[in-house]
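Okay, structure first, notes after.
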Amino acid sequence: MPLASTQALILGSFPINEQDKLTQLLTTDRGILKAVAPGALKSNNRFGSLLELFTEGNFIYYWNEEKEMVTISKGDILTSFFNLVSKPENIFHFYLMAEMILKVIPYNQKDKRIFRLMRSVLAARDKNTDIDWLFLYFQIWILRIEGLMFNPDICYSCFSTDLKEAWHKADFRGILCRKCKTDEKNHFSEEELQAIKWTHRHPPGQKSPGIVANDIRNLNRIFLQKLEYHGECSFNSKQYLPDFR
Ligand SMILES: [Zn+2]
């Protein structure tokens, strides 16, 4: 059981017995790790506030191969986002982002972009970037990383390009132009299609030009459905956000 260390963000933690917690770590280089934090429920808990949602820490751990999980032997806080994440205007969006990562990203996927995405979204929120825009940026990138994002330039039926508007197919696999659509309901305006492309080359702190609150709400609603459809799941945390009920 050799020791290893990693930098990670906490995605969640819950009690597994009277003394210990199970946590999920979003690591910089190993994807998501399930980790036991021994003694985390004791009164003299040595982890302090390290295990709060989205706290960034440095963790020293050892492997327990039979159980496909690790045990944390030591950890230090690098950045506490506790005050930011726990604000009433942020908390439910961050719950939902953590739940999306845990339900959509497989445990053995070692894609370094997921950590960087989450870290940059937290940093941008700390600089007061609009939470709904950040949630949209997050959803678009999760879809892109998982290979589920459509090409916003092309109609998936006739392959015409340079679309000024489009409709998402009912099975969420591609978009259709005005000529090809039938009774699809999820519509994208030109600004909305532009915003999807914009996120490819820009950090989350910069909003796509011309995008307004209604566009962001529309895209967030469609992409949440799309993630649920592809992930064959339902996100419990959405019930706290009126836009998604
Ligand atoms: Zn078409």
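Read the figures in this text as sums done on the coordinates, not as results from a lab. Values in this document were obtained by computation on a predicted structure and should not be read as measured data. Don't worry about glycine lacking a Cβ; one is built from the backbone with ideal geometry, like all the others, and counts go over all protein chains shown.
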In nanometres, the difference between 0.36 nm per residue of separation and the alpha-carbon distance of GLN19 and ASP153 is 42.9 nm
The size of the Cβ-based charge dipole (Lys, Arg +1; Asp, Glu -1) of the chain about the Cα centre, to the nearest 20 debye, is 200 debye
With the 8 Å Cα cutoff and a minimum separation of six or more residues, the chain has a relative contact order in percent of 15 percent
GNM on the chain, Cα springs under 10 Å; top mean-square fluctuation among PRO106, PRO15, PRO88 goes to PRO88
The size of the Cβ-based charge dipole (Lys, Arg +1; Asp, Glu -1) of the range 24-151 about the Cα centre, to the nearest 20 debye, is 200 debye
Rounded to the nearest Å, the spacing of the alpha-carbon centers of the range 192-228 and the range 1-20 is 33 Å
Projecting the Cα atoms of SER189, TRP133, GLN109 onto the charge dipole of the range 101-223, where Lys and Arg contribute +1 and Asp and Glu -1 at Cβ, the residue farthest towards the positive end is GLN109
Per GNM of the chain with C-alpha springs under 10 angstrom, the most fluctuating residue out of SER80, SER120, SER160 is SER160
As straight-line cross-link partners of LYS164, the qualifying aspartates and glutamates (C-alpha separation under 13 Å, not fewer than 8 residues apart within one chain) are ASP153, GLU190, GLU191, GLU192
When the charge dipole of the chain is computed with +1 on Lys and Arg Cβ and -1 on Asp and Glu Cβ about the Cα centre, the Cα farthest towards its positive end, among LEU50, ALA123, GLY12, belongs to ALA123
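Evaluate the charge dipole of the range 105-245 about its Cα centre and quote only its size in Debye, nearest 20, assuming +1 on the Cβ of each Lys and Arg and -1 on the Cβ of each Asp and Glu.
Values: 23 positive and 18 negative charges, 78 e Å.
So the magnitude is around 380 debye.
How high is the relative contact order of the range 161-229, in percent, counting Cα pairs under 8 Å that sit 6 or more residues apart? Write down the numbers at each step before the final one.
Working: 60 pairs, mean separation 18.4, N = 69.
Reported as a whole number, the value is 27 percent.
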Too long for a 27 Å Cα-Cα cut-off, among LYS207/LYS238; LYS21/LYS127; LYS67/LYS87; LYS179/LYS226; LYS42/LYS127; LYS197/LYS226, are LYS21/LYS127; LYS67/LYS87; LYS42/LYS127
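By the scheme Lys and Arg +1, Asp and Glu -1, what is the net charge of all other residues having a beta-carbon under 15 Å from that of ASP215? Could the numbers behind the result be given before it?
Working: positive: LYS164, LYS197, LYS207, ARG217, ARG221; negative: ASP130, ASP132, GLU165, GLU190, GLU191, GLU192, ASP243.
Within the 15 Å Cβ shell, the charges total -2.
Among the chymotrypsin sites (Phe, Trp or Tyr not before Pro) within the range 108-184, which fall in a DSSP loop and have no more than 14 other Cβ atoms within 10 Å of their own Cβ?
Details: sites: PHE115, TRP133, PHE135, TYR137, PHE138, TRP141, PHE150, TYR156, PHE159, TRP167, PHE172; in loops: PHE150, TYR156, PHE159, PHE172.
Those that pass, being in a loop and sparsely packed, are PHE159.
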